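A short worksheet on the structure shown next.
The values are calculated or read from the model by the stated rules, or taken from the named source; none is laboratory data. Being a predicted model, the structure only gives us computed values, none of them experimental. We place every Cβ from the backbone using ideal geometry, glycine too, and count neighbours over all the protein chains shown.
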Amino acid sequence: MKHNAGILRERVHLLTLSEQPDGCAWQKTAAFRAAVSYPKGSNLFSKVGIGVRSVQLKLRRRDDLTLHHAMLLDGQHLFLTKIDLDTDRLYQTVEAAAITPVLCAVSRKEVTTDARHNRPTLTETKVYTFPACMTEKYLKFDSLTPQDVTETTYVLVTPKAVALRMGEVVTIGEDAFCVQIGHTLDPYKNEYEVMRKEDA
């Protein structure tokens, strides 16, 4: 199949995760043109969460492009889920999920050595921030006494470099979520089920 380079009209930014001492963030590292389409159906970017709008991009072959990257199209963050090399080996087709990441924060205590007693001790708390794509898993309603409690479970899909611990509390905006289950076998991302409890 022959491709017309003139159809690559949309300007897209390539995003690379930048790691810093106090966290990580997506940074623009390149720009290119692509042909963009919106297939029917949802993109199931999460194995345990619900899908979101799907986006497909056709672009000139980039040997440096992997699923560790993300993209930005007209201000919309794109979570990459599949990269296929076309038969002519000159172009690539990229499938992505259109979902805006949220800024997350987790507080951790650093372990240092007590010089006087030569033993480990917990000292100052450091805040680690990172981006994650958040999708809902399910809504469970429990009837308890003396009041009803709603447990809302979400899935945080993070870059592979982000490792959370079970039981940690992740703050998103003004809400706090407890990490319940981690799914970390995927080579390009981690998924964490997080829960928030509140009165119904």
Suppose we filter the range 95-113 for residues that are touching a residue at least 40 places away in the same chain (Cβ under 8 Å) and either out of contact with any strand residue (DSSP E or B) (no Cβ under 7 Å at 6 or more places or on another chain) or not charged (D, E, K, R) (or both); how many remain? 11
For the range 20-38, pairs from a residue that is in contact (Cβ under 8 Å) with a residue 24 or more places away in the chain and surrounded by 13 or more Cβ atoms within 10 Å (Cβ to Cβ) to a residue that is in a strand (DSSP E or B) and acidic (Asp, Glu), with Cβ under 8 Å and 6 or more apart or across chains, are Arg33/Glu10; Ala34/Glu10; Ala35/Glu10; Val36/Glu10
How many residues does the range 31-63 contain that are more than 21 Å from Lys160 (Cα to Cα) and either of a type in the set (Phe, Trp, Tyr) or assigned to a strand (DSSP E or B) (or both)? 17
Given the options Thr81, Thr87, name the one that is in contact (Cβ under 8 Å) with a residue 24 or more places away in the chain, loosely packed, with under 12 Cβ neighbours inside 10 Å and of a type outside the set (D, E, K, R). Thr87
Provide a single number: the residues in the range 175-191 that are among the hydroxyl-bearing types (Ser, Thr, Tyr) and either surrounded by fewer than 12 Cβ atoms within 10 Å (Cβ to Cβ) or touching a residue at least 40 places away in the same chain (Cβ under 8 Å) (or both). 1
Some residue of the range 40-57 being touching an Asp or Glu at 6+ places or on another chain (Cβ under 7 Å), surrounded by 11 or more Cβ atoms within 10 Å (Cβ to Cβ), among the hydroxyl-bearing types (Ser, Thr, Tyr) and closer than 30 Å to Glu174 by Cβ: yes
Looking at the structure I just gave you, is Glu10 buried (at least 17 other Cβ atoms within 10 Å of the Cβ) and of a type in the set (D, E, K, R)? no
For the condition in contact with a Phe, Trp or Tyr (Cβ under 7 Å, 6 or more places away or on another chain) and either on the phi > 0 side of the Ramachandran plot or at pLDDT 95 or above (or both), what is the one hit in Arg60, Arg89? Arg60
Which condition number in (1) modelled with pLDDT of 95 or more; (2) over 13 Å from the mean Cα position of the chain (by Cα) is the one that Thr150 fails? (1)
